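Please read the structure below before turning to the comments.
The values are calculated or read from the model by the stated rules, or taken from the named source; none is laboratory data. All of these numbers come straight from a predicted model, not from anything done at the bench. No Cβ is skipped: glycine too gets one built from the backbone with ideal geometry, and neighbour counts run over all protein chains shown. Only protein heavy atoms, including side chains, enter the accessible area calculation; ligands, DNA and RNA are left aside. Shrake-Rupley method; radii C 1.70, N 1.55, O 1.52, S 1.80 Å.
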Amino acid sequence: QVQLVESGGGLVQAGGSLRLSCAASGSIFRINAMGWYRQAPGKQRELVATITSAGSTNYADSVKGRFSISRDNAKDTVYLQMNSLNPEDTAVYYCNARARVRFTSIERDYWGQGTQVTVSS
């Protein structure tokens with residue numbers, strides 16, 4: 001199977017920065033895309049940013065110009081650089097990988113356990 005381990009969450013003041021990391025491991029044949037989602041209290045989980053194995057990126061409008069997603073395919077790791085953070089960014093951030101497990105032709109989504117990001121004003 002595929003396991004995702006996240007790191008980098010924490011508490012930061014408005015205007016500050018954080019860098020999240022997520023490393024995938026397990027019986028991986030191919031990871032086609034990785035991304036970050038977030039869920040604030042009382043709200044639905046929403047897409048933050050995604051990146052394909054070819055490097056194509058997609059961002060939520062609310063984070064464009066402030067967040068940057070990158071990927072190290074050789075290490076099966078995705079990063080999220082978050083700048084100019086504001087209290088509205090406070091949420092649990094979840095790593096996602098769309099992957100194919102070795103010896104199968106099935107592609108499915110895998111999720112990390114989430115890391116808390118809190119931005120104070």
Check: Restricting the search to the stretch 56-85, which residues are over 16 Å from Asn96 (Cα atoms) and among the hydrophobic types (A, V, I, L, M, F, W, C)?
Finding: Val63, Phe67, Ala74, Met82, Leu85
Checklist line | Residues that are open to solvent by 70 Å² or more (accessible area, probe 1.4 Å), hydrophobic (A, V, I, L, M, F, W, C) and assigned to a loop (DSSP other than H, G, I, E, B), drawn from the stretch 51-86 | finding: Ala54
Notebook entry, point to check: When you look at Arg38, is it of a type in the set (Lys, Arg), in contact with a helix residue (DSSP H, G or I) (Cβ under 9 Å, 6 or more places away or on another chain) and not in a loop (DSSP other than H, G, I, E, B), yes or no?
Noted result: yes
Margin query: Can you report the number of residues in the stretch 24-50 which are crowded, with 17+ Cβ neighbours inside 10 Å and under 15 Å from Tyr93 (Cβ atoms)?
Written below: 8
Item checked: Whichever residue in the stretch 87-112 is under 17 Å from Ser7 (Cα atoms) and aromatic (Phe, Trp, Tyr) and, among such residues, is least open to solvent (accessible area, probe 1.4 Å) -> Tyr93
